[in-house]
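Participant: Sharing a structure with you now.
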Amino acid sequence: MDGIKDNIIVRRERADDFANIRDVVKSAFSMADYSDGNEHVLVERLRATPEYIPELSLVAVKDNDIIGYIMMTRLSIGDAEALALAPLAVRPDYQNMGVGTLLVERAHDISRIMGYKCSVVLGSPLYYSRFGYLTASRFGIVAPFDVPEEYYMVCPLDGCMEMPSGVVRYSDAFITC
């Protein structure tokens, strides 16, 4: 696994990456248990919103091929600004090799440098808990939709357990997908 990770570059997405990113996201979610199959459309919609943060839209590249992608966008928790991690996608032939870990860790590092305090994710508690994600409800953070409590999580990016509380408001791009 370390050999694979040593040969991967994580960098900011560029406009000429968009078609490849679409393919990676589409293929990564094609076999997912909980997917509507429109995650690649969500990415394109988010890029056209004020919540899009170019510095937090990253690709993992190996041998000049994009093999993974992560996007973090602005959201609000009550009156506070925070981040949404969505989507995280790794090409099926590179899954379970640490590519997703590289992307999440790099995105979190950049988020901290940019001054963000926390990130919200809807996903597997087994996977995301290793990055510090905790059940959001324990902080009074409420999803704007019905979701099993254990799958809706928040990560304190600054190490501080003082979090904003309230209902999460996502970009309208999430609603119209």
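Participant: Rounded, prolate or oblate: pick one for segment 1-129, where a ≥ b ≥ c are the square roots of the eigenvalues of its C-alpha gyration tensor, a/c under 1.5 means rounded, and failing that, prolate if a/b is larger than b/c, else oblate.
Facilitator: On the way: a/c = 1.41, a/b = 1.32, b/c = 1.07.
Judged from the Cα gyration tensor, segment 1-129 comes out rounded (a/c under 1.5).
Participant: Taking the mean number of other Cβ atoms within 10 Å as a proxy for protection, how do you rank 63-72, 131-140 from highest to lowest? The partial results should precede the final answer.
Facilitator: Details: 63-72: 20.7, 131-140: 17.3.
Those peptides, ordered most packed to least, come out 63-72, 131-140.
Participant: Taking the Cα-to-Cβ direction at S124 and at R11 and moving 7 Å from each Cα, how far apart do the two end points lie in nm?
Facilitator: The modelled label-to-label distance comes out at 3.0 nm.
Participant: Once the piece of chain linking R112 and D172 is laid out straight, how much longer is it, given 0.36 nm per residue of separation minus the C-alpha distance between them?
Facilitator: On the way: separation 60, 0.36 × 60 = 21.60 nm, distance 2.47 nm.
Extra length from R112 to D172 when fully extended: 19.1 nm.
Participant: Oh, and also: R0 = 22 Å: FRET efficiency of N96 with E149, Cβ-based, nearest 0.05?
Facilitator: Details: r = 27 Å, r/R0 = 1.21.
Computed FRET efficiency for N96 and E149: 0.25.
No lab work stands behind these numbers, since they all come straight from the coordinates. Quantities reported herein were computed from a predicted structural model and do not represent experimental measurements. So basically every Cβ, Gly included, is an ideal-geometry build from the backbone, and we count neighbours across all protein chains shown.
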